[in-house]
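The values are calculated or read from the model by the stated rules, or taken from the named source; none is laboratory data. Bear in mind the structure is a predicted one, so any value in this text is a computation, not a measurement. Because the Cβ atoms are built from the backbone with ideal geometry, glycine has one as well, and the counts that use them run over all protein chains shown.
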Amino acid sequence: MKYVLSLLATFLFCATTMAQMTPPRTNKKYTAYNESLNKQKLADIRRLDSIIAAKIQEDDLDDFAMEGDNPADEIYEGAWSTEGVNANRVDYAKVPDSVYIDCSGYVAPIESYITSEFGPRWRRYHYGIDLKVTIGDPVGSAFTGKVRVCRYDRGGYGSYVVVRHSNGLETLYGHLSEIKVIEGQEVRAGQCIGLGGNTGRSTGPHLHFETRFLGNPINPKKFFNFDTGKPLVANYLFTKEQAFDYRSSASAAKYKKGKGKKSSKGSGRYHKVRSGETLSGIAARYGTTVSKLCKVNGISRNAKLRPGQRLRRG
């Protein structure tokens, strides 16, 4: 028995050795199989390379060239609030006199035409432009950035989104029928952030589009050509005097309508609530925050506003 086992072990050893020493087969079927296998391996390698390349590109796009966690973190000194449009607004006096703003990555939020310009309108100032839309039209982010605010303002912007960009600008998209992003989400230029609509204080379907620097509105036409859908210049030289040239005309318009006058009762410091208005809408109108309105009026954020109610503006 031991002899048989020994012989069997010897046979297996010899067979294995010979198999290792036998040159590879060169018949056509075996060669075709090898070539197919090599092609598959090459395809897998190329696919892996493309995934790595896409990941590298994605990481590059997600790099907002900043030190903190948010776009333009250094410009805004770390301020990042989802409370509303004006939550991080910097006082006009503290805005830099001049700075370059990179507009090269601009993508038109929608291909359309202007229906209402930036400037005085009816009983208040219009701090953006209106672009014609059909309800449901996709609206894209003007630049790569990060969503700071997603809210509904019944008496003003309706459903709106505010995106902050690494060039220091913030863009606002109002009267949307549907919001497609969430607060804190990173978006790319041209990425759909919502659908065109007619929500809030609106007389028809349109996109209310604003550009703001440090929270202060600037006429979007100073940056972009809405006929061509391109930026006017790749590197825009922002100067405070030129960017905010509307301030004097806005003040004059308010004074002419009696809004700039102060009576002995201090009526110029109060706002009379109209039907459908919200605290966030009123705060946006007067360049303040909901928290400040609540504090000076001694009310809570969830307080129900009554038409005709007088609120202290600040």
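Listing for the model above:
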{"item": "Conditions (1) modelled with pLDDT under 95; (2) on the phi > 0 side of the Ramachandran plot; (3) out of contact with any helix residue (DSSP H, G or I) (no Cβ under 9 Å at 6 or more places or on another chain): number failed by residue 136", "result": "(1)"}
{"item": "Any hit, region 93-101, residues being within 28 Å of residue 292 (Cβ to Cβ), touching a residue at least 60 places away in the same chain (Cβ under 8 Å), buried (at least 18 other Cβ atoms within 10 Å of the Cβ) and within 21 Å of the chain's Cα centre (by Cα)", "result": "no"}
{"item": "Region 252-279: number of residues that are assigned to a helix (DSSP H, G or I) and either of a type in the set (Phe, Trp, Tyr) or at pLDDT 80 or above (or both)", "result": "2"}
{"item": "Sole exception among (1) buried (at least 17 other Cβ atoms within 10 Å of the Cβ); (2) more than 24 Å from residue 175 (Cβ to Cβ); (3) more than 15 Å from the chain's Cα centre (by Cα); (4) acidic (Asp, Glu) for residue 74, by number", "result": "(1)"}
{"item": "Selection within region 143-171 - within 12 Å of residue 212 (Cβ to Cβ) and within 8 Å of the chain's Cα centre (by Cα)", "result": "148, 162, 163, 164, 165, 170, 171"}
{"item": "Every residue from region 280-314 that is among the aliphatic types (A, V, I, L, M) and either touching a residue at least 24 places away in the same chain (Cβ under 8 Å) or outside any loop (DSSP other than H, G, I, E, B) (or both)", "result": "282, 283, 284, 290, 293, 296, 303, 305, 311"}
